[in-house]
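Visitor: Quick one: this structure, given as structure tokens, is what I'll be asking you about.
Where a number appears in this text, it was derived from the coordinates with a stated rule and is not lab data. Remember, predicted model here, so these are calculated numbers, not experimental data. Note that we place each Cβ from the backbone using ideal geometry, even for glycine, and neighbour counts take in every protein chain shown.
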Amino acid sequence: MSLIVLLNGPNLNLLGKRQPEIYGHETLEDVEKSCRRLCGELGHDLRFHQSNREYELIDWIHEAREQAFGIVINPGAFTHTSIAILDALNTFDGKVIEVHISNIHKREEFRHHSYVSRRADGVIAGLGVLGYELAIRRLADLHAKSRAV
Ligand code: CA2
């Protein structure tokens, strides 16, 4: 299995189009391009999704169970509300990296808690969209290490 699934939650389709002071100028299409290039270099396949609907994110996590060794997820505001996404991630046996473009700990109190962090093997926040690429690199490293033993 050499597949990485990268999931983006609600409103992230607006990346680069609104609130650049928080989320930067790069669009989600730019992020997808750079992540695809990186996965190509690392010899992994990438499935890249965004949805504003909680159930779609959950369905993609279920799909990943059979097919992927790792998930990168920016659950958007579902980070702070969704036990359902946490439950879905708990059914996935591979590695999970949670990414936030902004530093959620520097922002409003209600963004400080993440349900997803209870399952995540790593959390990246506040590094802008670079966080997605770093998460992919981490998954690739973990995958290589797990095959070396
Ligand atoms: O920092 C992050 O990546 C967040 O996951 C983004 C979520 C927010 O609810 C989380 O607390 C932190 C919001 C995504 C909204 O995305 C937009 C992007 C561009 C313009 C407007 C919204």
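Visitor: Scan around residue 100 for amide H atoms under 5 Å from its own, H built in the peptide plane at 1.01 Å from N, and keep only partners 5 or more places away or cross-chain.
Guide: Here the answer is 124, 125, 126, since their amide H atoms fall under 5 Å of that of residue 100.
Visitor: Between beta-carbons, use under 15 Å as the cut-off and find the net charge around residue 122, counting Lys and Arg +1, Asp and Glu -1. List each step's numbers first, then the result.
Guide: On the way: positive: 95, 118, 119, 137, 138, 145; negative: 98, 121, 133, 141.
Residues close to residue 122 contribute a combined charge of +2.
Visitor: Given a cut-off of under 8 Å on Cα pairs at least six residues apart, what relative contact order in percent is computed for the chain? The partial results should precede the final answer.
Guide: Working: 262 pairs, mean separation 39.2, N = 149.
Once normalised by length, the contact order is 26 percent.
Visitor: Specify the inter-centroid distance of the stretch 17-55 and the stretch 84-115, based on alpha-carbon positions, in whole Å.
Guide: Value for the Cα centre distance between the two parts: 17 Å.
Visitor: Where does the charge balance sit around residue 145 when Lys and Arg score +1, Asp and Glu -1, over other residues with C-beta under 12 Å from its C-beta?
Guide: Residues near residue 145 contribute +2 overall.
Visitor: Give me the net charge for the shell around residue 105: Cβ to Cβ below 14 angstrom, other residues only, Lys and Arg +1, Asp and Glu -1. Walk me through the intermediate numbers first.
Guide: Numbers: positive: 106, 107, 111; negative: 98, 108, 109.
Spelling it out: positives minus negatives among the neighbours equals 0.
Visitor: Ratio to report: Rg/Rh of the stretch 2-148, with Cα atoms as the point set and Rh obtained by the Kirkwood method; give two decimals. Display every interim value, and only then the final one.
Guide: Working: Rg = 14.1 Å, Rh = 15.1 Å.
Expressed as Rg/Rh, it is 0.93.
Visitor: Turning to a different aspect of this structure: Take every DSSP beta bridge with both residues inside the stretch 2-148 and express the antiparallel ones as a percent of the total, to the nearest 5.
Guide: Percent antiparallel among DSSP bridges in the stretch 2-148 is about 0.
Visitor: Now for a different question. Is it possible to state the helix-based mean residue ellipticity at 222 nm for the chain, with each DSSP H run of 4+ residues giving -39500 (n - 2.57), the sum divided by total residues, to the nearest 500 deg cm²/dmol? What is it?
Guide: Values: 5 runs with 60 residues, N = 149.
Only helices count here, giving -12500 deg cm²/dmol.
Visitor: A follow-up question, please. Could you check how many percent of all C-alpha pairs in the stretch 29-97 are farther apart than 20 Å? List each step's numbers first, then the result.
Guide: Values: 706 of 2346 pairs.
Value for the stretch 29-97: 30 percent of Cα pairs lie more than 20 Å apart.
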